[in-house]
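Here is the structure we will look at, set down as structure tokens.
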Amino acid sequence: MKLNGKQFPLPEAVTISDFLKSQNYPDDKVAVELNGEIISRTKFKNITLKDSDEVEIVCFVGGG
Amino acid sequence: MNNDTFKLGGKEFNSRFILGSGKFNIDLIKSVANEGGAEIITLALRRANNGGEANILDYIPDNVTLLPNTSGARTAEEAVRIAKLSREIGCGNFVKIEIIPDSKYLMPNNHETVKATEILSKEGFIVLPYVYPDLVIAKQLESAGASAVMPLAAPIGSNKGLVTKEFIKMLVEEIDLPIIVDAGIGKPSQACEAMELGVSAIMANTAIATAGNISQMAKAFKLAIEAGRLAYLSGPGRVLNKGEASSPLTGFLQD
């Protein structure tokens, strides 16, 4: 799949929730956009990522 | 100062100092926020790295209201996308709209900012638009549902001070929303001067982040902002073109 603009191999379909855990993203501090659509955190466990997906995972950083 | 709270987006704040969290180590945020008494801190949204990187939210004191910005956006559409993603993280509905197509002077696109303000305020955001201080635009922002107007004092990060003073004064006089001076304020004295004009709050980042002692400079800003606010509320004394003795001129030698 395409993750944050780069190719990321996804050998098998996985839920957003499991993907975040496996990659050590803090799931309570990120927002996820899947194929251009913002996914509510409550749906992380129900939605499965596929290799054809484009995913953006964003978080807060310092800024003015 | 307790009865002079700063009301913004349905909340009340004791502090009129909005702190930007860019350009310094996140380890320092707590002490900078405490020394500066900041109750609102701005953040930016960026792509997250995997691997359990330190997250800025873990370093911000609990009592602080977060104000995500839309930095990186060049159009209203991009700003709306960033604002919605930020809200999804779950830290409230405040957003500072920042739409900047120009990478040299970092001037905001005022017209796109009005568009984004209209969209986001309809969607329930507390919208704080960052603009070049233009009275006509500020009135449009007011009609578009903005909760404040954030005029720049000078280009972002320049520390040049209150370059747009005369235009900010127009906003203070004519706009019925909090005016928050954002960008360009480089020294506490400049923050104080802006507060004396009657603006509601000051946002500063680079002035603090590039100071020798970051936490101490935050405290200096806090004191200057409080001093300027008190001076504004007191009503500054009048200005004369000639001298006027402060001591009685009669009653002794030349009586």
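The values are calculated or read from the model by the stated rules, or taken from the named source; none is laboratory data. None of the values given here were measured: they were computed from a predicted structure. Please note: Cβ atoms are built from the backbone with ideal geometry, for glycine as well, and neighbour counts cover all protein chains shown.
Checking B:Ile40, B:Ile29, B:Ile18, B:Ile56 one by one, the residue that is in contact with a helix residue (DSSP H, G or I) (Cβ under 9 Å, 6 or more places away or on another chain) and crowded, with 22+ Cβ neighbours inside 10 Å is B:Ile29 and no other. For B:Lys139, state whether it is farther than 13 Å from B:Val114 by Cα and over 14 Å from the mean Cα position of the chain (by Cα). So B:Lys139 fails the test.
Taking the criterion of being within 12 Å of another protein chain (Cβ to nearest Cβ) and either in contact with a Ser or Thr (Cβ under 6 Å, 6 or more places away or on another chain) or not aliphatic (A, V, I, L, M) (or both), the residues of the stretch B:199-216 that qualify are B:Asn205, B:Thr206, B:Thr210. Looking only at residues in the stretch B:75-111 that are exposed (fewer than 15 other Cβ atoms within 10 Å of the Cβ) and farther than 13 Å from B:Ile156 by Cβ, the one that is nearest to the other protein chains (Cβ to nearest Cβ) is B:Gly90. Taken across the stretch B:62-73, residues that are over 20 Å from B:Asn205 (Cβ atoms), without any contact (Cβ under 8 Å) to a residue 60 or more places away in the chain, buried (at least 18 other Cβ atoms within 10 Å of the Cβ) and aliphatic (A, V, I, L, M) do not occur at all.
Each residue in the stretch B:41-65 was checked for being at the interface with chain A (Cβ under 7 Å from one of its Cβ atoms) and either under 18 Å from A:Glu37 (Cα atoms) or among the hydrophobic types (A, V, I, L, M, F, W, C) (or both), and 8 of them qualify. Counted as qualifying within the stretch B:177-246 are the helices (runs of 4 or more DSSP H) with 3 or more residues that are touching a Cys at 6+ places or on another chain (Cβ under 7 Å), namely B:214-234.
Entry remark, the stretch A:2-46: residues being at pLDDT 95 or above, in a loop (DSSP other than H, G, I, E, B) and more than 10 Å from every other protein chain (Cβ to nearest Cβ) number 4 in total. Do you know which residues across the stretch B:129-159 are β-branched (Val, Ile, Thr), touching a helix residue (DSSP H, G or I) at 6+ places or on another chain (Cβ under 8 Å) and either surrounded by fewer than 19 Cβ atoms within 10 Å (Cβ to Cβ) or assigned to a helix (DSSP H, G or I) (or both)? Answer for the stretch B:129-159, where residues must be β-branched (Val, Ile, Thr), touching a helix residue (DSSP H, G or I) at 6+ places or on another chain (Cβ under 8 Å) and either surrounded by fewer than 19 Cβ atoms within 10 Å (Cβ to Cβ) or assigned to a helix (DSSP H, G or I) (or both): just B:Ile137.
Consider B:Pro68 carefully, then state whether it is away from chain A (no Cβ under 14 Å) and within 19 Å of the chain's Cα centre (by Cα). Considered against the rule, which asks whether it is away from chain A (no Cβ under 14 Å) and within 19 Å of the chain's Cα centre (by Cα), B:Pro68 comes out as no. Could you check, for the stretch B:79-96, whether at least one of its residues is in a loop (DSSP other than H, G, I, E, B) and of a type in the set (A, V, I, L, M)? No, the stretch B:79-96 contains no residue that is in a loop (DSSP other than H, G, I, E, B) and of a type in the set (A, V, I, L, M). The residue pairs whose first member lies in the stretch B:233-255 and is under 30 Å from B:Asp4 (Cα atoms), whose second member is part of a loop (DSSP other than H, G, I, E, B), and whose beta carbons are closer than 9 Å, counting only pairs six or more residues apart or on different chains, are B:Leu233/B:Asp4. Scanning the stretch B:17-35 for residues that are in contact with a Lys or Arg (Cβ under 6 Å, 6 or more places away or on another chain) and more than 14 Å from every other protein chain (Cβ to nearest Cβ) yields a single hit, B:Glu35.
When B:Val114 is tested against (1) buried (at least 19 other Cβ atoms within 10 Å of the Cβ); (2) touching a Phe, Trp or Tyr at 6+ places or on another chain (Cβ under 8 Å); (3) of a type in the set (Val, Ile, Thr), exactly one condition is not met: (2).
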